[in-house]
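S.K.: The structure's right below; bear with me while I get my questions together.
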Amino acid sequence: MEKFSLKELSDGLKAKKFSSVEITQFFLDRLDRYNASINAFITIDNEKSLKMAKQSDEIIKEGRQDYLTGIPIAQKDIFCAEGWKTTCGSKMLDNFISPYDATVISKFNNVGAVNLGKTNMDEFAMGSSNETSYYGNVKNPWNIKNVPGGSSGGSAAAVAAMLAPAATATDTGGSIRQPASLCGLTGLKPTYGLVSRYGMIAFASSLDQAGPMCHSAEDCAAMLNVMSGHDSKDSTSIKRDKENYLNGIHNPIKGLKIGIPKEFFSEGIDADVEKIIEQGITEYKKLGAEIVDISLPNNHLSIPVYYVIAPAEASSNLSRYDGVRYGYRTKEYDDLMDMYCKTRKEGFGEEVKRRIMIGTYVLSAGYYDAYYLKAQKIRRLISEDFSKAFKKCDVILGPSAPSVSFPIGDKKEDPLKMYMQDVYTISTNLAGLPGLSMPAGLINNLPVGIQLIGNYFSEAKLLNVANIFQMNSDWHHLSPKGFE
Amino acid sequence: MKFSKEEIRKIAYLARINIDEIEANKVSEKLEGILGLIEQMTQVNTDGIEPMSHALDITQPLREDKVTADDIREKSLNLSQETDQSLFIVPKVIE
Amino acid sequence: MDWDIVIGIETHVQLKTESKIFSGASASFGGEPNAHACLVSLAYPGVLPVLNEEAVNCAIRFGLAVDAKIAKQSIFARKNYFYPDLPKGYQISQFELPVVGEGNLSISLGDENKNIRILRAHLEEDAGKSVHGVDVDKSGIDLNRAGTPLLEIVTEPDMSSAEEAVSYAKKLHELVQWIGICDGNMQEGNFRCDVNVSVKKKGAKKLGTRREIKNLNSFKFIKQAVDYEVNWQIETLEDGGKIKQSTILFDPESGETREMRSKEEANDYRYFPDPDLLPLMISEDKINTIKSEMYELPSQMKASLIEEYGLSNYDADGITSNIAVANYFKELLSCNVSAKLASNWILTNVFSRLNELNMDIDSCPLKASKLAKLISRIEDKTISNNAAKKVFDEIWDQDKSVDDVIEQLGLKQISNVDEIENILNQVLKDNDIMVQEYKSGKDKAFNALIGQVMKASKGKANPGQVSQLLKEKLAD
């Protein structure tokens, strides 16, 4: 049952093969058995989860079942859930019991899905390896000496080890796609504005997006159906007609134009990873797609641009953590200034403090034009590269990450090396486009993902293109050993 | 480009984060590295390009002027480290 | 040494909305501490701002009222600084692209008018309050006010005296109430002025260094603070000292200004466009709709009072000095009395009575319709002006009708020509000396004779008629 897709779980519940309480208990037992070895979860609450499962069983009994009713879903600890400890991976929020539900959480609650628990993550979503969490590193179920990727490392590890059938995650510079790639999962970052950010603890407001982390494109579609939709509480949320992302997911892709950006295959990519991507391209050709060469000439600038804009926005978003109204407050202080400075020194980890410092610097007097404003201009150039590319192709294909999962501690001391993990994913966030990663191979038993990038609001197409690949391959069915 | 001790101190002050001498050196090193990364940007010609704040060309929606929020005092005061008579307590604010 | 005084004012006007500018919490004043602090007001992790339509409408109304450009597109920016009453660690304000651009406001100085240029007005959110005295080294934070909508109105440094500063503040105070965007309750902090003061040698081109007096919430304080600060700056400069740009507070107890204590370094606010909010677009249609729903402005009403009704500049100013007075006046007009009489009765009789009783026109016990009745009895010559004053006293706060009081006090004037002629003839007979004096050129005697007639008629004779008849008789 741990390998069941969301559809199988949904059908099984409908056919009364099992109840929500039963599957929830099943996964809670697995958590009990295996979570300690990979540290994927920060908060597990059997009582709360089972209570929700019981309510869902009532809904199912009354015949009011939705696709995800009764199914336990792991929630990244970045989503505020009322009554649940919500930490964002930080000591700063270690004592924070959220007084409200994020819109994403409400949406799951409204269809009767079960909250399986809060997954581990890089602190305040800043990281690519889940090594910055206050609650300890997350281990990659494929090799527990390795990182799962980040910042949604906990969600990825949980689903990869089959401790949850699916999870929510967030992506600001690649934090869904890169861990999906490193853990052999299918993860989707939707178009900016498609999923509400209300209640999703902010890192970089103009880049953050929530999305699903699953075993397959089909499961991602089912999750996106619940997660997406306009929210009047989020000014940046888009108003558009609701789509069913499962529709058309089996459409044939003959004639589909797949753009391959030459910049994604220049320096920095691991040779083995490149081989796997090329195999994927060959596979798509066999499935009837047409391969087109395209260029994203400003892609190399996406990292410096990101490391100006994201820390700048973050430095401001994290100012509210001051010990006054909630969260951590230092124990001893002489005066107000002392209280602020000690609270924030003790409450934040190293990477977060570094990014706040850089963010503060680039916004400060005399530097705003040279850095922040400049970055926003180049951002437009990067975005225009994509517009031009999408005139020649329907989707863009490339690697999700430059390498497979690496040993814990390997890149931690060198932030710049760590930042390069996001070289293929960041530009999508800057442009606000949707991007997906799906498993396409293994190197030394470590997963490699292929990334697909689509035009604005083309999630249905992306999921379709991914699904056809998955209908014709088995990579997404593979699981790590040791979690039977 | 070197981050002087003074600059680090200034940035730390603006961000209200205590940084002692030893940390300041470490931070300075790491920040210089990041700055070197960012510097690549400054060479690019962006004359005539509009800055991009948002991915999509949408404009600010407006909310009807109605009171819709509840009194959440009980919840909110419970979440704070120190409260008294429904106020959040902090060290004295001097003007 | 002669000095020029240069003053610019930034006014924070709290907008009259039901809910806060970026959330659905109540914007009303007072309330138990933190009762109006919602999730957004408290800046919990994950909360987001959504803009209140009425706040935008208020800004547009203000822009129209001062003839300013209203920005087709304006941007919200974050002003970053740490303070316990600022829960997010930044204030959402507007920086480079404010909603209202350059405009004008005219102030009256005696007989003359002076134009004060408005540089800009922008929307922003208010901060909460720190309450002292909870404990000697602690402060209590109340976030009820955090997030209430403000319009910050900034002038050019066009004022050159404390009087002008007060005149501007008063004019602005009336205007924002007139157009219905603010209650103008200064005690509740609805209307706060930051006054920038600098001095320079008379005629010098370069402006001196300015100091900013923050949070003045009464006209009296504005006058006192500016007077003190100007003297202090002049004395300092004359003694050879330098003025340092700083923010200062006015202490009403001592009547002095002093520098604010914190801030070893100038605050770097690191303004940048708020990524949680999108550009605010205001269409021509929207502006026109709001314009069509607005009442005429005081300046427009004043102009029409002068042109249409022939009121003097001074009187027209008085009637349009505030919207309550203007409405009272309009009500009188709607009862078909003459504008001049209406204006006189309001500006003299009603005002003096209100002043005596320390009331304002909102609580005037004499309904406009009743006063209109009284005025109409003067117009139709039932009673004289003097008699009307007596009636006024009786009907001010009593439930008596005008006609009843006229009856009771027997104030009906005598307008019958024969009756008056009889009295007149008798008076002329009895006052031969006065008649002779008049005929020998003493004009004063004329009035004296009228006086005698009025006395003889017990004040009831219609003075106009008396004067007419007397003239005729004496011409013989």
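S.K.: May I ask you to list the residues in the stretch C:358-373 that are open to solvent by 10 Å² or more (accessible area, probe 1.4 Å) and in contact with a helix residue (DSSP H, G or I) (Cβ under 8 Å, 6 or more places away or on another chain)?
M.R.: Scanning the stretch C:358-373 gives C:360, C:361, C:362, C:364, C:369, C:370, C:373.
S.K.: Do we find a residue being under 20 Å from residue A:195 (Cα atoms), under 20 Å from the mean Cα position of the chain (by Cα), outside any strand (DSSP E or B) and in contact (Cβ under 8 Å) with a residue 40 or more places away in the chain anywhere in the stretch A:54-71?
M.R.: Yes - at least one qualifying residue is present in the stretch A:54-71.
S.K.: Mind listing whichever residues of the stretch A:420-434 are more than 22 Å from residue A:145 (Cα to Cα) and part of a helix (DSSP H, G or I)?
M.R.: Once the filter is applied, which keeps residues that are more than 22 Å from residue A:145 (Cα to Cα) and part of a helix (DSSP H, G or I), the stretch A:420-434 yields A:426, A:427, A:428, A:429, A:430, A:431.
S.K.: Continuing with this model, one more query. Condition test on residue A:437, is it assigned to a helix (DSSP H, G or I) and either without any contact (Cβ under 8 Å) to a residue 60 or more places away in the chain or buried (at least 24 other Cβ atoms within 10 Å of the Cβ) (or both)?
M.R.: Here the answer is no, as residue A:437 does not meet what is asked.
S.K.: Can you find a residue that is under 25 Å from residue A:380 (Cβ atoms) and over 13 Å from the mean Cα position of the chain (by Cα) anywhere in the stretch A:210-227?
M.R.: No: the stretch A:210-227 contains no residue that is under 25 Å from residue A:380 (Cβ atoms) and over 13 Å from the mean Cα position of the chain (by Cα).
S.K.: Give the residues of the stretch B:9-44 that are among the aliphatic types (A, V, I, L, M), facing chain A (nearest Cβ under 8 Å) and farther than 19 Å from residue A:321 by Cβ, sorted by residue number.
M.R.: B:31, B:34, B:35, B:37, B:38, B:41, B:44
A quick yes/no check of all residues on (1) surrounded by fewer than 20 Cβ atoms within 10 Å (Cβ to Cβ); (2) within 21 Å of residue A:125 (Cα to Cα); (3) of a type in the set (Gly, Ala, Ser); (4) more than 10 Å from chain C (Cβ to nearest Cβ):
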| residue | (1), (2), (3), (4) |
| --- | --- |
| A:302 | no, yes, yes, yes |
| A:306 | no, yes, no, yes |
| A:330 | yes, no, no, yes |
| A:333 | yes, no, no, yes |
| A:336 | no, no, no, no |
| A:359 | no, yes, yes, no |
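S.K.: Then there is this: Please enumerate the residues belonging to the stretch A:282-300 that are part of a loop (DSSP other than H, G, I, E, B) and over 27 Å from the mean Cα position of the chain (by Cα).
M.R.: A:287, A:288, A:289
S.K.: How many residues does the stretch C:41-57 contain that are more than 7 Å from chain B (Cβ to nearest Cβ) and under 26 Å from the mean Cα position of the chain (by Cα)?
M.R.: 2
S.K.: I'm checking my understanding of the structure. Among residues of the stretch A:369-400 that are within 11 Å of chain B (Cβ to nearest Cβ) and free of Cβ contacts under 8 Å to residues at least 12 places away in the same chain, which one is surrounded by the fewest Cβ atoms within 10 Å (Cβ to Cβ)?
M.R.: Selected residue: A:369.
S.K.: Take the residues in the stretch A:230-276 that are open to solvent by less than 60 Å² (accessible area, probe 1.4 Å), more than 21 Å from residue A:454 (Cα to Cα) and of a type outside the set (D, E, K, R), then tell me which one is nearest to the other protein chains (Cβ to nearest Cβ).
M.R.: A:235
S.K.: I've got another one for you. Which residue out of A:391, A:461, A:417 is at negative phi and assigned to a loop (DSSP other than H, G, I, E, B)?
M.R.: Answer to the selection: A:391.
S.K.: Looking at residue C:132 and the list (1) surrounded by 22 or more Cβ atoms within 10 Å (Cβ to Cβ); (2) within 14 Å of chain A (Cβ to nearest Cβ); (3) touching a Ser or Thr at 6+ places or on another chain (Cβ under 6 Å), which single condition is not satisfied?
M.R.: Every condition holds for residue C:132 apart from (1).
S.K.: Looking at the structure I just gave you, is residue A:452 under 17 Å from residue A:278 (Cβ atoms) and modelled with pLDDT of 95 or more?
M.R.: Here the answer is yes, as residue A:452 does meet what is asked.
S.K.: In the set A:418, A:438, which member is of a type in the set (A, V, I, L, M, F, W, C) and touching a His at 6+ places or on another chain (Cβ under 8 Å)?
M.R.: Going through A:418, A:438 in turn, the sole match is A:438.
S.K.: Also, quick follow-up: Just wondering, is there one or more residues in the stretch A:425-432 that are more than 14 Å from every other protein chain (Cβ to nearest Cβ), of a type in the set (Val, Ile, Thr) and out of contact with any Leu (no Cβ under 7 Å at 6 or more places or on another chain)?
M.R.: yes
S.K.: Do any strands (runs of 3 or more DSSP E) lying entirely in the stretch C:1-99 carry at least 1 residues that are open to solvent by less than 30 Å² (accessible area, probe 1.4 Å) and of a type in the set (D, E, K, R), and which ones are they?
M.R.: Result: C:77-80.
S.K.: Then there is this: Specify which of the listed residues (C:355, C:336, C:327) is open to solvent by 70 Å² or more (accessible area, probe 1.4 Å), in a helix (DSSP H, G or I) and more than 26 Å from residue C:65 (Cβ to Cβ).
M.R.: None of the other options fit; the residue is C:355.
S.K.: Here's something else I'd like to know. Return the residues of the stretch B:4-31 that are open to solvent by 70 Å² or more (accessible area, probe 1.4 Å), acidic (Asp, Glu) and assigned to a helix (DSSP H, G or I); say none if nothing qualifies.
M.R.: The answer is B:6, B:21, B:29.
Yes/no matrix, rows are residues, columns are (1) open to solvent by less than 10 Å² (accessible area, probe 1.4 Å); (2) away from chain B (no Cβ under 14 Å); (3) within 20 Å of residue C:47 (Cα to Cα); (4) more than 14 Å from the chain's Cα centre (by Cα):
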| residue | (1), (2), (3), (4) |
| --- | --- |
| A:76 | yes, yes, yes, no |
| A:80 | yes, no, yes, yes |
| A:83 | no, no, yes, yes |
| A:93 | yes, no, yes, yes |
| A:128 | yes, yes, no, no |
| A:135 | no, yes, no, yes |
| A:155 | yes, yes, no, no |
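S.K.: Would you please name the residue that is surrounded by the fewest Cβ atoms within 10 Å (Cβ to Cβ), looking only at residues in the stretch C:275-299 that are touching a Ser or Thr at 6+ places or on another chain (Cβ under 9 Å) and outside any loop (DSSP other than H, G, I, E, B)?
M.R.: So, considering only residues that are touching a Ser or Thr at 6+ places or on another chain (Cβ under 9 Å) and outside any loop (DSSP other than H, G, I, E, B), the one surrounded by the fewest Cβ atoms within 10 Å (Cβ to Cβ) is C:281.
S.K.: Output the number of the condition that residue A:284 fails; it satisfies all remaining conditions of (1) away from chain C (no Cβ under 14 Å); (2) loosely packed, with under 15 Cβ neighbours inside 10 Å.
M.R.: (2)
The values are calculated or read from the model by the stated rules, or taken from the named source; none is laboratory data. This is a predicted model, so every value here is computed, not measured. For neighbour counting, all protein chains shown are included, and Cβ atoms are generated from backbone atoms with ideal geometry for every residue, glycine included. The protein model used for the area step is the full one, side chains on, heavy atoms only, and it has no ligands, DNA or RNA in it. Shrake-Rupley method; radii C 1.70, N 1.55, O 1.52, S 1.80 Å.
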